[in-house]
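As structure tokens, the structure follows; a few thoughts come after it.
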Amino acid sequence: GAVVSQHPSWVICKSGTSVKIECRSLDFQATTMFWYRQFPKQSLMLMATSNEGSKATYEQGVEKDKFLINHASLTLSTLTVTSAHPEDSSFYICSANNPLLGSGANVLTFGAGSRLTVL
Amino acid sequence: GESVGLHLPTLSVQEGDNSIINCAYSNSASDYFIWYKQESGKGPQFIIDIRSNMDKRQGQRVTVLLNKTVKHLSLQIAATQPGDSAVYFCAETYGGATNKLIFGTGTLLAVQP
């Protein structure tokens, strides 16, 4: 149980185009989802907190106009990389709080990630 | 503050040996810690967690130790298997209302047959 699904798992696009990545909680509701970015051989960097029905909260240094986040329902958050450039190429991973895991309320279940390559 | 990973440290062990992966966390106010395992090209998977009011917690083949005095966390894996080969991240959280997890640098565990 408590699966987070991401789509697409990989995408290649041309520079200047926009790409949308979907994150779904399949068998539980998630009022909050988190978007991370990971470059090769590096750690996960939190980009933003996606809040259902309200604006996302972005981490310092993350451009909210470039990385548009929409959390329109309790099971879906989307990340749109607008006017993508080669430096946006990365592994984007979403997560949601999993009430079934661990001993606390902060255990995140992660999606499988979406690898974006911008040519 | 956030931990930024630049290069992944690597721990190489023989199959069957015990592995110890270390993590230094950054925020003395953090009150909850989680270890994740990430295989190549996949999202992180939960391994084990520990609250700050504990100093040790055991799972199946894994043990997490917490030393708040020196802000140090370790993950011990008993009888390491080839399937344990992956990158291991510790994550800390504070300000629980937002449930933000901040990840450490990560350690690549390479299990030699």
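The values are calculated or read from the model by the stated rules, or taken from the named source; none is laboratory data. Predicted, not measured: the structure shown is a model, and the values here were computed from it. No Cβ is skipped: glycine too gets one built from the backbone with ideal geometry, and neighbour counts run over all protein chains shown. We work out accessible area using only protein heavy atoms, side chains counted, and drop any ligands, DNA or RNA first. Shrake-Rupley method; radii C 1.70, N 1.55, O 1.52, S 1.80 Å.
Points to keep in mind about this one:
- Scan of region A:67-91 for residues that are out of contact with any strand residue (DSSP E or B) (no Cβ under 7 Å at 6 or more places or on another chain) and either outside any strand (DSSP E or B) or open to solvent by 50 Å² or more (accessible area, probe 1.4 Å) (or both), ordered by number: A:A72, A:L74, A:S83, A:E87
- Within region A:19-50, the set of residues being among the aromatic types (F, W, Y), surrounded by fewer than 22 Cβ atoms within 10 Å (Cβ to Cβ) and facing chain B (nearest Cβ under 10 Å) comprises just one member, A:F39.
- Boolean, B:Y94 is touching a Phe, Trp or Tyr at 6+ places or on another chain (Cβ under 6 Å), aromatic (F, W, Y) and under 30 Å from A:T32 (Cβ atoms): no
- Condition met for B:Q45 (of a type in the set (S, T, N, Q) and at the interface with another protein chain (Cβ under 8 Å from one of its Cβ atoms)): yes
- Restricting attention to region B:57-113, the residues that are charged (D, E, K, R), at the interface with chain A (Cβ under 10 Å from one of its Cβ atoms) and not in a strand (DSSP E or B) total 1.
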